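Quick notes on the structure that follows.
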Amino acid sequence: MFNIMSDIANQTKYTRHYHPRHLLAQYAINQIATLELRSQDIVKAMGYPIKHTIPACERLRHVLSNKYLGLDGSYMDKYFTAEEFLATLFSVLDIPYMPFAEDIAQIKDAAVHAQHDNKNSSYGSVSNGYQQISEQDYEMVDRVEEYKLKKSKEC
């Protein structure tokens, strides 16, 4: 089973700056550790110009530490939309995007609803949003595990 707490405890020099708040972010961080990629290497492979390395690394850190994976519009730049950033990041990390496309759409939808709730009320229905995300996480864990199993059988 996917154990986020043990994965957080096992941070490496490649992942110590990331503090995942979403299971898909943790999966990406695990892949970064496996591939031994520095953030500079990742953003370079994503196509960011050298002079934008620092802001791109900050965006990477933000996305992997944000509970909505940056799909809430909390960090943007002129190079990628939020969805393009994730798709390109997944490509660099050798993670197929399509098995998680529905999860990403649900995360984006949850982010939109959370923003809407926050605008309408100081409290909103935040607990409902957390419950909805938790239920979605169980389904996503199954997809991550299926992908890991499939990938291990290919090796």
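General observations
- Restricting attention to segment 66-80, the residues that are charged (D, E, K, R) and more than 12 Å from K108 (Cα to Cα) add up to 2.
Residues checked against (1) over 21 Å from R143 (Cα atoms); (2) assigned to a helix (DSSP H, G or I); (3) in contact with a Cys (Cβ under 9 Å, 6 or more places away or on another chain):
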| site | (1), (2), (3) |
| --- | --- |
| R16 | yes, no, no |
| L24 | no, yes, no |
| L60 | yes, yes, no |
| L71 | no, no, no |
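- Top-ranked residue of segment 32-74 - restricted to ones that are of a type in the set (A, V, I, L, M) and farther than 16 Å from A87 by Cα, ranked as surrounded by the fewest Cβ atoms within 10 Å (Cβ to Cβ): I50
- Contact map, segment 32-44: first residue within 8 Å of C57 (Cβ to Cβ), second residue small (G, A, S) and in a helix (DSSP H, G or I), Cβ cut-off under 6 Å, separation 6 or more or different chains; pairs are V43/A56.
- Residue check for A87: assigned to a helix (DSSP H, G or I), closer than 25 Å to Q11 by Cα and touching a residue at least 12 places away in the same chain (Cβ under 8 Å): no
- When the criteria are applied in full, D94 fails the requirement of being among the charged types (D, E, K, R) and surrounded by 17 or more Cβ atoms within 10 Å (Cβ to Cβ).
- Taken over segment 32-51, residues that are in contact with a helix residue (DSSP H, G or I) (Cβ under 8 Å, 6 or more places away or on another chain) and in a helix (DSSP H, G or I) amount to 9.
Coordinate-derived values only; no laboratory data. The model shown is predicted, which means the values in this text are computed figures rather than measured ones. Glycine also receives a Cβ, built like all others from the backbone with ideal geometry; neighbour counts cover every protein chain displayed.
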